[in-house]
Amino acid sequence: EDKVVQSPLSLVVHEGDTVTLNCSYEVTNFRSLLWYKQEKKAPTFLFMLTSSGIEKKSGRLSSILDKKELFSILNITATQTGDSAVYLCASRGGAQKLVFGQGTRLTINP
Amino acid sequence: DTAVSQTPKYLVTQMGNDKSIKCEQNLGHDTMYWYKQDSKKFLKIMFSYNNKELIINETVPNRFSPKSPDKAHLNLHINSLELGDSAVYFCASSQEWAGFTDTQYFGPGTRLTVL
């Protein structure tokens, strides 16, 4: 069965810190890995990764995929209180469905 | 200018009742999904429709019945509601089923509370 595991489950840091969120996956016929940010409502899309070693960047957020070791990381630099959210990782395999991890709850304290 | 919308946003009901949640997307996408998010924030897929055809049907009690009148709408009907059905239900859509554009866009969610 396809599986996505995120770590840590919870992380509390101070504003300005840099954080790294981890996501490991086991999916059959891997197609893509996606990161979402969920605040109070719907998950909002951050990145989609399909190729190993190519960093995707959006402002202070960046993500990279390692298809050999089956993991991805999401980095957030110079964190702000507005970055506080649950970050969800999901992987899509041959079954054509997104399998989500349990999420990392990130809290940024001022 | 809502992309994926759901109604209602909140639903509080008694055990044993039947209720429906509606979802509409105006993105012109071919594929729509229903997810259940439990209290631990774990998102799990329930159903997926591609061009009104059921593609994914996870191990979900048959009290849950999705219906897609057209490719812009995917409704979820739940019969004989149970306490364990309490969760947030998210609708989502994506451009294609088998293409490379795998990004799914989520609706705002419907928080269902069964008393």
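Mind telling me which of the residues B:Asn62, B:Asn17 ends up being more than 12 Å from every other protein chain (Cβ to nearest Cβ) and free of Cβ contacts under 8 Å to residues at least 12 places away in the same chain?
Unique residue meeting the criteria: B:Asn62.
Would you pick out the residues in the range A:51-84 that are of a type in the set (A, V, I, L, M) and open to solvent by 10 Å² or more (accessible area, probe 1.4 Å)?
Hits for the range A:51-84 are A:Ile54, A:Leu61, A:Ile64, A:Leu70, A:Ile73, A:Ala78.
State the number of residues belonging to the range A:58-95 that are touching a residue at least 60 places away in the same chain (Cβ under 8 Å) and out of contact with any strand residue (DSSP E or B) (no Cβ under 6 Å at 6 or more places or on another chain).
Residues in the range A:58-95 being touching a residue at least 60 places away in the same chain (Cβ under 8 Å) and out of contact with any strand residue (DSSP E or B) (no Cβ under 6 Å at 6 or more places or on another chain): 5 in total.
Quick check on the range B:74-115: of everything there that is assigned to a loop (DSSP other than H, G, I, E, B) and more than 11 Å from chain A (Cβ to nearest Cβ), which residue is modelled with the lowest pLDDT?
Checked the range B:74-115; the qualifying residue modelled with the lowest pLDDT is B:Gln95.
Name the strands (runs of 3 or more DSSP E) wholly within the range A:1-96 that hold at least 1 residues that are charged (D, E, K, R)?
So the answer is A:3-7, A:19-26, A:32-38, A:56-58, A:61-66, A:85-92.
Please count how many residues of the range B:54-68 are over 18 Å from B:Cys23 (Cα atoms) and either in a strand (DSSP E or B) or modelled with pLDDT of 80 or more (or both).
The qualifying residues number 4.
Could you say whether any residue in the range A:20-38 is within 14 Å of chain B (Cβ to nearest Cβ), without any contact (Cβ under 8 Å) to a residue 40 or more places away in the chain and either closer than 18 Å to A:Leu106 by Cα or of a type in the set (S, T, N, Q) (or both)?
The answer is no, given that none of the residues of the range A:20-38 is within 14 Å of chain B (Cβ to nearest Cβ), without any contact (Cβ under 8 Å) to a residue 40 or more places away in the chain and either closer than 18 Å to A:Leu106 by Cα or of a type in the set (S, T, N, Q) (or both).
How many of the residues making up the range A:35-60 are farther than 19 Å from A:Gly101 by Cα and in contact with a Phe, Trp or Tyr (Cβ under 8 Å, 6 or more places away or on another chain)?
Result for the range A:35-60: 2.
Answer with yes or no whether A:Thr79 is touching a Gly at 6+ places or on another chain (Cβ under 7 Å) and either over 18 Å from B:Lys41 (Cα atoms) or within 11 Å of chain B (Cβ to nearest Cβ) (or both).
So A:Thr79 fits the description; yes.
Tell me which residues, restricted to the range A:39-59, are within 7 Å of chain B (Cβ to nearest Cβ) and small (Gly, Ala, Ser).
Within the range A:39-59, just A:Ala42 meets the criteria.
Give just the number: which of (1) over 10 Å from the mean Cα position of the chain (by Cα); (2) under 21 Å from B:Lys44 (Cβ atoms) does A:Thr50 not satisfy?
Condition (2) is where A:Thr50 drops out.
Please count how many residues of the range B:62-86 are within 26 Å of A:Ser91 (Cβ to Cβ) and open to solvent by less than 70 Å² (accessible area, probe 1.4 Å).
Total meeting the criteria: 5.
The values are calculated or read from the model by the stated rules, or taken from the named source; none is laboratory data. Since the structure is predicted, the reported quantities are computational estimates derived from the model, not experimental observations. All Cβ positions, glycine included, derive from the backbone under ideal geometry; neighbour counts span all protein chains shown. Just so you know, the surface numbers come from the protein's heavy atoms only, side chains and all, with ligands and any DNA or RNA stripped out. Shrake-Rupley method; radii C 1.70, N 1.55, O 1.52, S 1.80 Å.
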